[in-house]
1. Give the residues of the stretch 71-80 that are open to solvent by 30 Å² or more (accessible area, probe 1.4 Å) and either free of Cβ contacts under 8 Å to residues at least 40 places away in the same chain or under 15 Å from residue 24 (Cβ atoms) (or both), sorted by residue number.
2. As an exercise: evaluate residue 54 against (1) over 16 Å from residue 70 (Cβ atoms); (2) open to solvent by less than 40 Å² (accessible area, probe 1.4 Å) and give the number of the one condition it does not meet.
3. Filtering the stretch 23-51 down to residues that are among the hydrophobic types (A, V, I, L, M, F, W, C) and open to solvent by 60 Å² or more (accessible area, probe 1.4 Å), which residue is modelled with the lowest pLDDT?
4. Among the residues of the stretch 20-28, is there at least one that is in contact with an Asp or Glu (Cβ under 9 Å, 6 or more places away or on another chain) and in a strand (DSSP E or B)?
5. Only one of (1) modelled with pLDDT of 95 or more; (2) open to solvent by 60 Å² or more (accessible area, probe 1.4 Å) fails for residue 68. Which number is that?
6. Report, ordered by the first and then the second residue, all pairs with beta carbons closer than 9 Å, sequence separation of six or more or different chains, a first member in the stretch 17-33 that is within 15 Å of residue 76 (Cβ to Cβ) and basic (Lys, Arg), and a second member that is at pLDDT 95 or above and exposed (fewer than 14 other Cβ atoms within 10 Å of the Cβ).
Amino acid sequence: MSTEIKSAGHVHCKFVSEKDGVMVFKGIEDEVTYVVPRECLKESVINPETVYSVSYRERHKTVREDGAVCFERCEVISRERFMAKVIGPGPNGR
């Protein structure tokens, strides 16, 4: 029985634009353009000043000829919500 390693990751980025159900983000650390479907956004409102975290699995990632990274499936949430998920609730349960 073989075990498949499902590589996953996340990038922190800022919102750039949205058109025809596709959202474009720019990586903060790497300046790469990330393209994601609108339905991947888990926030009710998009704010250009907010830093977002795009969580993905490698199998849903493709790189276009222009260098942009496209995710067919992923989760886009604000970095604050992402950090709360990663760190968990504080000592008071918040």
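The values are calculated or read from the model by the stated rules, or taken from the named source; none is laboratory data. In this text, all values refer to a predicted model and were calculated from it rather than measured experimentally. Glycine also receives a Cβ, built like all others from the backbone with ideal geometry; neighbour counts cover every protein chain displayed. Please note that ligands, DNA and RNA were not included when accessible areas were found on the heavy atoms of the full protein model with its side chains. Shrake-Rupley method; radii C 1.70, N 1.55, O 1.52, S 1.80 Å.
1. Matches in the stretch 71-80: 72, 73, 75, 80.
2. (1)
3. The residue in question is 45.
4. So far as the stretch 20-28 goes, yes, one or more of its residues are in contact with an Asp or Glu (Cβ under 9 Å, 6 or more places away or on another chain) and in a strand (DSSP E or B).
5. (2)
6. 26/16
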